[in-house]
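The values are calculated or read from the model by the stated rules, or taken from the named source; none is laboratory data. Note that the structure is predicted; figures quoted are calculated from it, not measured. We work out accessible area using only protein heavy atoms, side chains counted, and drop any ligands, DNA or RNA first. Shrake-Rupley method; radii C 1.70, N 1.55, O 1.52, S 1.80 Å.
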Amino acid sequence: MKTQDSAIAVRGVAVLGATLCAALGVLGFSFTLPATAWALEGFGPWSVAVVRCALAAALAGCCLAVVRAPLPDRVHRRGIAVVALGCVVAFPLFSTLALQASSTSHAAVVVGLLPLTTAVFALRRSPVRPSRRFWTAAVCGAAAVVAFALVRSGGTPGPADLYLLAALVLCAAGYAEGGRLAAHMPGWQVIAWALVAAAPLTVPAALWALVAEPVDAAPRALAGMAYLAAVSQFGAFVVWYRGMGAMGVARASQLQLAQPLLTLVWAVLLVGEPLTPAAPAAAVVVLVCVAVTQRSRG
């Protein structure tokens, strides 16, 4: 009986650690859109989209070289390519272009739908079938976040929504595939190899963009770019994929329901966007939905 109790305690600690890792990833991602807005104050949109990836690729390459990480197994390389396309190329590009014609709060619609879309992609690649309660809570949470973000932005769709939709679908595919790979290889190596795989595209594109677009190296723009490269594009993924690999893609993805609300807090505090009275109500709904998904089979 003592052995069984010990095993249960160890498992509980492991689940808590995985949840903490995923939550830290969400916290890191939550400042991505405000940091992008900061970077756009001094860099052109193409520079913001690709320089962050080139810098993150250099950081990831150094980490891989230090530990002498072996190349990913051939069976995992297709998944690495999906992560590179969705998380390294598509989301930075389309979200940056969207912020040229949209506010940070409106762009949070993408993140509001991302957990549900990620869970759908994970369903296609995993034998685990989440319960009906899980899907109900996930849909309700996504609806609450999207409704809040749309009310926050006036509810008027625009050209940026096409960019946001593309970012949503491709990033969700990258999240789901990366979470699956993290169950078979170290989570930090998933994003590191994806960044390195995309480097032949992102590094030349970054050099071109810096020459073609004007650059104003103001402190806030540089801080935004540094955050995007070190945290949004690499550091947050390290803990995010580690958490997803340990607790399952579908369940971990629902923690990201809190991300749009955190993003809106940063937008108010650091970008100067106003806060609406609906925020506390939306926060309560989202936290309840997150709690239900974490206690459901998923």
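Of note:
- Where W240, W188, W46, W208 fall by accessible area, highest first, once all protein chains stay in place (1.4 Å): W208, W46, W188, W240
- Rolling a 1.4 Å probe across all protein chains gives T32 an accessible area of roughly 10 Å².
- Taking the convex hull of Cα positions in segment 175-236, its mean projected area over all directions (nm²): 5.0
- Alpha-carbon gyration tensor eigenvalues x 5, square-rooted, for segment 22-65, Å: 20, 18, 6
- Accessible surface of segment 176-283, 1.4 Å probe, proportion on carbon and sulfur as whole %: 73
- Surface listing: M185, M244 arranged by accessible area from highest to lowest gives M185, M244, probe 1.4 Å.
- Accessible surface computed residue by residue for segment 18-100, with neighbouring protein chains in place and a 1.4 Å probe, gives 40 Å² per residue.
- Rounded, prolate or oblate (a/c below 1.5 giving rounded, otherwise prolate when a/b exceeds b/c) for segment 45-103 by Cα gyration tensor: oblate
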